[in-house]
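Working notes, structure below.
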Amino acid sequence: MSSAGKALEKLLEIVERLRGPDGCPWDRKQTPETLRKYLVEEAYEAYEAIGEGEAAEVQEELGDLLFLILMIAYIYQERQLFTVSEMLELCAQKMIRRHPHVFGEEKAASAEEVVARWQRIKEKEKKETESAILGNLPRSLPALQLAYRLGERASRVGFDWNRPEEVFPKLREEWEELEASLRSGSREDLEGEIGDLLFTLANLSRKLGVNPEEALKRSLEKFRRRFTAMEKFFRSRGKDLREVSLEEMDRVWEEIKTGE
């Protein structure tokens, strides 16, 4: 057995011990439903660690995520719904099946060709109730990321604009519809038009080669940094932001922005 295989087996033994009669009361109490929220948190922590580029932190966060996945899978094994081995084998067989250019006789000359073949294989596997093209993207994905991924998948069959510039008329159209809904006073219409506008912006981002979720996160961090600096500026002068006029805040904001 390889060193990675031995380490995985050790991790499974730890999970089994924690869930055992003499294990941890907290771990024994957990269910897949109670652990679900931690799965999202751990995935985001790994996502952020990868973005920051620190290998040691990535190593730790991926380990935490793997441990949680094994814990959830083991609970299903306890319920005799499937075993951890069956889960791993199912994943392995799916990866082999979807890489015929590696494990079979087919050839693939480029990454684009691999993606196209992967999509065709997935289409054959899909249930009749699912879209073969859009697949089963989780509805719980962050909305901007889901918008990006849906647009990306629809584009694979040509349901897309040819160039980024062609999205702007649609963007203007959605903006005008938003203004009209604002005048109408219908909250339902307003929500729908804001959604349409955001979806169009996500598609424009995709056409420009920018992930809108990541772009928004960077802008939010920039806002957080500048707002905190502005707050510290006024606090150092004995002022609370609630006592400062909008004009004063705008002036300091621009100074911070210029100084970056």
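The values are calculated or read from the model by the stated rules, or taken from the named source; none is laboratory data. Just so we're clear, the structure is a prediction, and the values are computed from it rather than from any experiment. Methodologically, a virtual Cβ is constructed for each residue, glycine included, from the backbone with ideal geometry; neighbour enumeration extends over all protein chains shown. Just the protein is used for accessible areas: all its heavy atoms, side chains included, with ligands, DNA and RNA removed. Shrake-Rupley method; radii C 1.70, N 1.55, O 1.52, S 1.80 Å.
Taking the criterion of being in contact (Cβ under 8 Å) with a residue 24 or more places away in the chain and touching an Asp or Glu at 6+ places or on another chain (Cβ under 6 Å), the only residue of segment 20-48 that qualifies is GLU42. Scan segment 233-251 and give yes if some residue there is open to solvent by 70 Å² or more (accessible area, probe 1.4 Å) and of a type in the set (A, V, I, L, M), otherwise no. Scanning segment 233-251 turns up at least one residue that is open to solvent by 70 Å² or more (accessible area, probe 1.4 Å) and of a type in the set (A, V, I, L, M).
Here segment 41-96 is the region considered, the condition is being polar (S, T, N, Q) and part of a helix (DSSP H, G or I), and the residue that is farthest from GLU125 (Cα to Cα) is GLN59. For segment 127-162, the set of residues classified as within 19 Å of LYS94 (Cβ to Cβ) and open to solvent by less than 40 Å² (accessible area, probe 1.4 Å) consists of ALA132, GLY135, LEU137, ARG153, listed by residue number.
Residues that are within 27 Å of the chain's Cα centre (by Cα) number at least 2 in the following helices (runs of 4 or more DSSP H) confined to segment 163-260: 167-184, 187-207, 212-235. Being open to solvent by 80 Å² or more (accessible area, probe 1.4 Å) and of a type in the set (Asp, Glu), is that true of even one residue in segment 206-219? No, there is no match, as no residue in segment 206-219 is open to solvent by 80 Å² or more (accessible area, probe 1.4 Å) and of a type in the set (Asp, Glu).
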